[in-house]
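The values are calculated or read from the model by the stated rules, or taken from the named source; none is laboratory data. This structure is a prediction, so every number in the text was calculated from the model and none was measured. With ideal geometry, Cβ positions are generated from the backbone for all residues, glycine too; neighbour counts draw on all protein chains shown.
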Amino acid sequence: MSNQFENILNQAKTVWTEFAKENSEKPEESLYNKESLDLLSKNSHTVIAIIGLKSYKKLYISSNVKEMFGYTAEDNPTLGVLVYVQMMTFDHALFPITAGRWYLKCLKDTSFEDKENQKIAFVGAKMRTKRGKVVRTFIQTTHLDEDKNRNPIHVVNTIQNITHLMKDDFWWMRYTYGENFSKVKYYDSLTKKTYESDILSDREKDILRLIQEGQDSNEIAETLFLSLATVHTHRRNMLARTGMKDITALLQVAISVGMI
């Protein structure tokens with residue numbers, strides 16, 4: 001193991017152990033039904049992982065992780081969840097640390113009331129399979145249980161391969177919270193900035209909804225009282241900001257994260 005990798009692991013431990021400082025009152029084996037998750041993952045193209053953020057342990061990972069990444073659930077048991085740091089490509093090696101710190105800051109900055117509803121998605125991070133193939137990932141995180149401050153103790157991660165949907169090399173993450181998930185912020189790895197808004201504007205979402213309904217650019221321009229050039233500009237900007245290959249790819253991700 002290289003010194004650089006050891007350093008990243010140590011940083012990741014520092015970040016992740018801050019997530020949950022209190023023990024869950026529930027026994028870990030009561031947090032999930034293994035048989036149900038096995039069946040769910042078997043019938044989908046989604047890897048499901050349950051992670052303890054206090055202990056940075058993998059409590060469960062679906063067997064189809066081997067199909068996506070070439071690893072089995074038993075590989076690198078001593079590293080636990082930190083095995084994912086080892087799987088990152090060189091240019092995205094700091095993704096787990098940056099994402100962990102950003103998520104932690106979101107939790108600290110969010111009021112108790114707004115934490116009643118929370119979702120987070122990580123889009124485009126590059127991981128390497130056991131055979132060295134690069135996979136672009138789409139990860140969504142859901143809290144399985146929480147401490148008294150509504151901070152997560154255990155989470156469910158769903159991981160999908162979206163290599164075919166991505167064009168650009170950067171990644172981004174999106175945090176929604178508050179009543180009806182009405183509040184949004186996102187982080188762009190290209191600019192290394194957090195934006196107190198959604199990655200798509202309201203107007204861009206309107207255009208995306210009309211595309212979903214089957215309207216072409218001319219029809220959208222007429223519906224929204226825009227020029228055709230403005231519609232084309234919005235389409236280009238949406239793809240540039242999200243790194244998606246095309247509008248169809250963007251639609252898939254936007255629907256999955258609840259953006260439209």
Scan the range 155-192 residue by residue and report those that are surrounded by fewer than 20 Cβ atoms within 10 Å (Cβ to Cβ) and aromatic (Phe, Trp, Tyr). Phe170, Phe181
Looking at Arg241, Arg236, Arg209 in this structure, which one is farther than 28 Å from Thr158 by Cα, under 26 Å from the mean Cα position of the chain (by Cα) and not acidic (Asp, Glu)? Arg236
From Gly132, Gly124, which residue is in contact (Cβ under 8 Å) with a residue 60 or more places away in the chain and on the phi > 0 side of the Ramachandran plot? Gly124
Of all the residues that make up the range 128-138, how many are at pLDDT below 95 and in a strand (DSSP E or B)? 1
Return only the number of the condition from (1) in contact with an Asp or Glu (Cβ under 6 Å, 6 or more places away or on another chain); (2) modelled with pLDDT under 70 that Phe19 does not satisfy. (1)
Residues of the range 171-202 being at pLDDT below 95 and among the polar types (S, T, N, Q), which ones? Asn180, Ser182
Can you pull out the residues in the range 233-244 that are out of contact with any Asp or Glu (no Cβ under 6 Å at 6 or more places or on another chain) and surrounded by 13 or more Cβ atoms within 10 Å (Cβ to Cβ)? Arg235, Asn237, Leu239, Arg241, Thr242, Met244
Quick one: in the range 195-227, which of the residues that are β-branched (Val, Ile, Thr) and in contact with a Leu (Cβ under 9 Å, 6 or more places away or on another chain) is nearest to Tyr175 (Cα to Cα)? Ile207
Taking into account only those residues within the range 127-154 that are within 12 Å of the chain's Cα centre (by Cα) and under 20 Å from Arg101 (Cα atoms), which is surrounded by the fewest Cβ atoms within 10 Å (Cβ to Cβ)? Thr142
